Amino acid sequence: MGQRVGIVATGQTRYRSKRKDCSAPDMVYEATSRALADAALTLKDIDAIIFGLAPEALDGINSMDKWCADAAGARNKPFMRVHTGGATGSSVANAAVYHVASGMFDTVLAVAMERVGETPDAQTILNRIYDPVVASDFGLNIINHVAMETSRGMEAYGFTEEHMAMISVKNHLNAFNNPYAHLQINVSVEDVLKSPVVCWPLKLLDCCPRSDGACAVVFASEKKAKRMAPVPVWVNGMAALTDITVPGEIRGGQEQIRLTAARAYQMAGIDHPREQIQVVECYAPFSSLELMYYETLGFCERKDVVKLVESGFGAMDGEVPFVPSGGVMCTNPIGATALIRIAEAAIQVMGKGEKRQVPDVTNALATGYGGSPGPGSASFVTVMVLGKK
Amino acid sequence: MSDNIELLSIPGKWDLTYNYTAGETISKFLIEIRDNARIMATKCNQCNRVIVPPRSYCERCFISIKDNWVELEPTGTLEAYTIVTYKFEGLPDPPYIIGYFRLKGADTTIPHFLTGIDLSDLEFARKKIKVGLPVRLIFKNRGQREGRMTDFRIEPLQHDR
């Protein structure tokens with residue numbers, strides 16, 4: 001890494017299935033102005049802006065970065081859009097870190113948004129991320145792709161639909177502590193198991209909602225960060241990996257996450273994640289994906305995943321809380337979602353989590369996952385390690 | 001924000017037409033399906049991976065493999081699956097099974113429907129499907145094949161009816 005980089009501020013909109021009170025730029029402005037206010041900054045403090053937005057058909061407007069640039073504070077400043085599907089938000093953050101680490105910029109705003117509520121079925125659009133000639137005849141989309149990874153995972157890890165339901169219950173409970181969370185509903189294991197099957201083994205309450213919203217994070221050089229924030233959050237490790245693995249090949253998506261985490265841990269000097277990391281904001285839009293992270297992020301061996309789920313390892317009062325925010329399962333404005341993970345991890349290190357604050361956080365982990373293994377589609381995996389020191 | 005303001009929206013629709021270009025490698029693959037009812041893959045002689053649907057290059061060794069074709073048997077195994085029970089807008093009517101299938105000798109998998117399984121009782125159907133299930137490809141008759149992945153269906157190798 002070049003120049004050391006810290007997070008000094010975060011800003012989020014309230015997430016809803018439809019933010020009828022806001023135009024798209026209104027949402028970007030809401031998140032951006034809140035991030036500036038978080039560290040008492042003004043636009044004069046920002047040197048460049050990185051903007052994130054996922055597939056445009058979700059919003060139904062082409063190149064909406066142009067519409068939103070002014071709302072992100074880009075007037076007279078360098079501005080670019082980054083897009084890596086579901087990992088858009090964390091790729092935006094990575095690009096902001098690269099900008100600062102290079103020494104060319106001191107303070108960079110990362111802001112990402114999405115309106116998934118504009119169209120009645122996002123999966124119709126996500127069907128069109130695959131190769132149109134050899135793959136699109138079979139109704140592929142993100143939910144049935146994850147369902148396929150899940151049915152494989154159930155055989156490989158030995159978890160059941162009940163274990164998935166336990167993760168869902170935990171995350172819905174956590175969302176009540178997050179004032180920005182989209183879904184704030186009481187859910188029991190029985191509710192999850194009895195909710196309609198979407199793509200077996202995934203049921204409705206194993207799946208994320210479609211959300212409108214935006215998130216912004218301000219990254220700064222070491223010198224500026226120390227001046228701007230009472231508790232700057234240091235980007236101590238980061239890694240990003242791309243692959244074109246197709247389900248059923250030797251290396252599945254889980255292996256990609258393992259590799260990415262190992263690279264980020266090495267950079268951050270993390271060799272025992274379970275002892276060194278106090279909170280995880282993982283990118284898990286579906287319950288089954290979260291429990292597989294317990295292994296791939298190095299918190300346990302594969303054979304112990306089920307035991308950890310049953311013991312409440314990732315609960316707020318568990319050994320290492322996973323997604324105190326309620327996570328992607330309760331809020332998913334696609335292009336912004338992976339940036340929310342980084343914002344929420346930073347909030348934990350800053351100690352600003354209020355009702356969702358985990359005690360004594362010195363290291364927090366945020367992950368992102370975009371694309372989807374399948375013909376014509378790559379996967380993008382990101383892992384960021386944030387620390388107080 | 002004023003509390004009582006009426007919040008408006010206007011309808012929109014994207015209705016666009018495309019002709020998706022298959023390219024030389026996929027064209028040959030689809031023409032072999034259409035004209036000869038056989039599955040052809042490309043093989044990388046450096047890492048020995050057999051890739052289907054074929055690619056003109058090996059992304060790992062980063063060399064062209066566009067002229068190195070091998071024929072695959074129309075049998076294989078189910079590697080991942082889901083039973084879709086939800087109606088997605090513009091996608092097929094449920095229920096149906098989507099799977100990724102590894103053809104014998106291939107290192108990659110192809111997506112397709114798994115047919116030949118009675119879906120009137122989903123609980124019962126689920127018990128018959130497992131990763132590793134042997135499957136076979138069944139091609140449509142010559143005149144019905146149009147050079148698409150839907151020129152064949154995939155079903156369990158053994159039928160117990």
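Nothing in this text is a laboratory measurement; each read-out follows from the coordinates by a stated rule. It should be emphasised that the depicted structure is a prediction, and the values quoted were computed from it without experimental measurement. Cβ sites come from the backbone with ideal geometry, for glycine too, and all protein chains shown count toward neighbours.
Some points to look at:
- Basic side chains Lys and Arg get +1 at the Cβ, acidic Asp and Glu get -1 at the Cβ, and with that the dipole of region B:23-156 about its Cα centre reaches some 240 debye.
- Per-residue [θ]222 nm for the protein assembly as shown (sum of -39500 (n - 2.57) over DSSP H runs n ≥ 4, rounded to 500): -8500 deg cm²/dmol
- Simple rule: put +1 on each Lys or Arg Cβ and -1 on each Asp or Glu Cβ in the protein assembly as shown, find the dipole, and look at B:112, A:159, A:272; the Cα lying farthest toward the positive end is A:272.
- Computed from Cα atoms, the angle from the helix B:23-36 axis to the main principal axis of chain B rounds to 70 degrees.
- Cβ-defined net charge surrounding residue A:40, 15 Å radius [Lys, Arg +1; Asp, Glu -1]: +4
- In region A:193-307, a dipole from Cβ-located charges (positive for Lys and Arg, negative for Asp and Glu) runs towards its positive end, and of A:209, A:234, A:257 it is A:234 whose Cα lies farthest in that direction.
- Mean separation of Cα contacts under 8 Å, 6 or more apart, over the residue count of chain B: relative contact order %: 20 percent
- Full-stretch length increase - residue A:42, residue A:70 - with 0.36 nm per residue and alpha-carbon distance subtracted: 8.6 nm
- Where trypsin sites (Lys or Arg not before Pro) fall in DSSP loop in region A:40-115, at most 12 other Cβ within 10 Å: A:75
- 20 Å cut-off, amide nitrogen to a point 7 angstrom out along residue B:93 Cα→Cβ, residues in region A:135-165: A:137-140
- With at most 11 other Cβ atoms within 10 Å, longest stretch of chain B clear of loop GluC sites (Glu not before Pro) (DSSP): B:7-145
- Efficiency of FRET between residue B:70 and residue A:128 - r from beta-carbon atoms, R0 25 angstrom, step 0.05: 0.20
- Applying 1/(1 + (r/R0)^6) with R0 = 22 Å to the Cβ-Cβ distance of residue B:118 and residue A:155 gives a FRET efficiency near 0.45.
- Overall Cα dimensions of chain B - principal axes, largest extent first, Å: 69, 44, 35
- Mean separation of Cα pairs under 8 Å and 6 or more residues apart, divided by the residue count, gives chain A a relative contact order of 26 percent.
- The ratio of the alpha-carbon radius of gyration of the protein assembly as shown to the globular-protein estimate 2.2 N^0.38 Å is 0.98.
- Between region A:183-249 and region B:10-55, the alpha-carbon center distance in angstrom: 33 Å
- Magnitude of the charge dipole for the protein assembly as shown, about its Cα centre and with charges confined to Cβ atoms of Lys, Arg (+1) and Asp, Glu (-1), is about 820 debye.
- Relative contact order (percent, whole number), region A:160-214, Cα cutoff 8 Å, 6+ residue spacing: 34 percent
- Among the chymotrypsin sites (Phe, Trp or Tyr not before Pro) found in region B:13-49, those both in a DSSP coil and sparsely packed, with 13 or fewer other Cβ atoms within 10 Å of their Cβ, are B:14, B:18, B:20.
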